[in-house]
Amino acid sequence: MKIMPGTGGDTYVPMEDRTGDESIVYFTRDRSPEGLRKIYQYVKAPITGKVGVKLHTGEAHGPNIIPRPWVKELFEKDIPDATIIETNTFYDGDRYTTENHRKTIEVNGWTFAPVDIMDEEGTITLPVEGGKWFDKMSHGSHMLNYDSMLVLTHFKGHTMGGFGGSNKNIGIGCADGRIGKAWIHAKDGNDWGVNTEELMEKITESTKATIDHFKDHITYINVMRNMSVSCDCEGTQAEPVVTPDVGILASTDILAVDQACVDLVFALPAESKEALVERIITRHGLRQLSYMKEMKMGNDRYRIIDIDNGDVEITAQQAVAGISGKWTPDQY
């Protein structure tokens with residue numbers, strides 16, 4: 001595999017070469033409403049008070065978003081008073097204005113719970129501690145209405161970020177559509193002038209503002225299913241899925257859960273991972289992980305707990321054992 005040159009943050013570092021403390025990451029192969037509900041029980045302790053669920057609701061008719069029936073069952077049975085939270089987009093599309101965004105949300109079936117477009121009524125800034133690009137980030141003003149946040153992420157590739165995990169979900173997804181996202185993306189008169197390491201670092205600093213705000217009241221679930229190299233923001237124009245489904249991972253550590261998902265991708269058989277690994281490497285997406293570690297946002301060393309088999313500890317290789325070949329559509 002060719003590794004693109006850069007700062008070193010875009011080089012894949014195997015587990016045995018990492019240093020520092022370990023976190024816990026829970027794993028299930030059960031890609032279903034029951035699997036999502038089961039894994040949530042392991043990481044739900046931080047979720048108290050008024051709950052916002054940061055979900056990528058996707059462009060109209062997007063084929064790869066987390067299935068609505070899964071999320072509906074989680075809401076109805078486990079977090080019945082929660083609200084789906086989103087912000088408007090920086091690009092001019094079906095979610096650029098609040099009015100159009102709400103229409104797209106209805107098209108995509110997110111009608112079983114309240115949906116809060118957090119920047120509908122303006123913005124607030126939250127501090128970024130220790131950043132090299134920002135000392136504050138602009139968010140939707142409604143973020144202050146929530147006591148805790150469940151970050152429910154469809155893990156997949158991303159055209160600019162390499163991969164979209166929990167870090168991208170809230171780093172881009174909680175920044176408001178006009179100011180915060182422009183701070184992250186725009187440079188030298190070009191709305192999309194920021195890329196590679198700089199983009200990964202700016203996304204991560206935006207994320208840090210959010211997780212520092214919620215402190216111990218935030219938790220993360222990544223769904224490794226329908227993993228196109230494209231983001232859900234590309235909707236029906238997303239590249240075809242060629243990476244096999246893996247499962248669902250959860251943690252109270254954002255770095256650990258995103259790192260574990262990347263490790264599981266890298267542990268897949270060669271023919272199964274080629275497209276997604278290439279997307280991550282060529283966009284320098286691994287800098288998301290190394291910069292989270294530098295910013296002391298979590299641990300890149302972790303223990304995977306297999307909740308399907310008596311909570312035994314397994315490796316990334318064991319988690320993907322038996323997975324081979326190309327993706328095939330499931331019942332959703």
Calculated Kirkwood radius over Cα pairs in Å (choose from (i) 21.6; (ii) 20.8; (iii) 19.5), label: (iii)
Sulfur and carbon atoms: percent of accessible area, the chain [1.4 Å]: 48 percent
Pairwise FRET efficiency - residue 141 versus residue 41, Cβ, R0 = 41 Å, nearest 0.05: 0.80
In Hz, Karplus ³J(HN,Hα) per residue of region 100-109 (6.51, -1.76, 1.60; θ = phi - 60°; x = Gly, Pro): 5, 4, 5, 5, 5, 4, 5, 4, 7, x
Protection proxy ranking, peptides 124-133, 239-248, average beta carbon neighbours within 10 Å, highest first: 239-248, 124-133
Inter-site label distance for residue 198 and residue 11 at 7 Å from Cα along Cβ, in nm: 2.4 nm
Average accessible surface area per residue within region 253-299, 1.4 Å rolling probe, Å²: 28 Å²
Å² of accessible area per residue within region 104-233, as computed with a 1.4 Å probe and no ligands counted: 31 Å²
Helical mean residue ellipticity (222 nm; -39500 (n - 2.57) per DSSP H run of 4+; nearest 500) of the chain: -9500 deg cm²/dmol
Sparse-neighbourhood loop sites, trypsin sites (Lys or Arg not before Pro) in region 144-252 - DSSP loop, at most 11 other Cβ within 10 angstrom: 215
Estimated D of region 37-135 in µm² per second, where Rh is the Kirkwood radius over Cα pairs and Stokes-Einstein applies at 10 °C, 1.306 mPa s: 104 µm²/s
Reduced Cα scattering model of region 115-170, Debye log10 I(q)/I(0), q = 0.21, 0.28, 0.29 Å⁻¹: -1.04, -1.09, -1.08
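The values are calculated or read from the model by the stated rules, or taken from the named source; none is laboratory data. All of these numbers come straight from a predicted model, not from anything done at the bench. When we count neighbours, we look across all protein chains shown, and the Cβ atoms used for this are built from the backbone with ideal geometry, even at glycine. When the accessible area is computed, the model is the full protein with side chains, heavy atoms only, and any ligands, DNA or RNA have been set aside. Shrake-Rupley method; radii C 1.70, N 1.55, O 1.52, S 1.80 Å.
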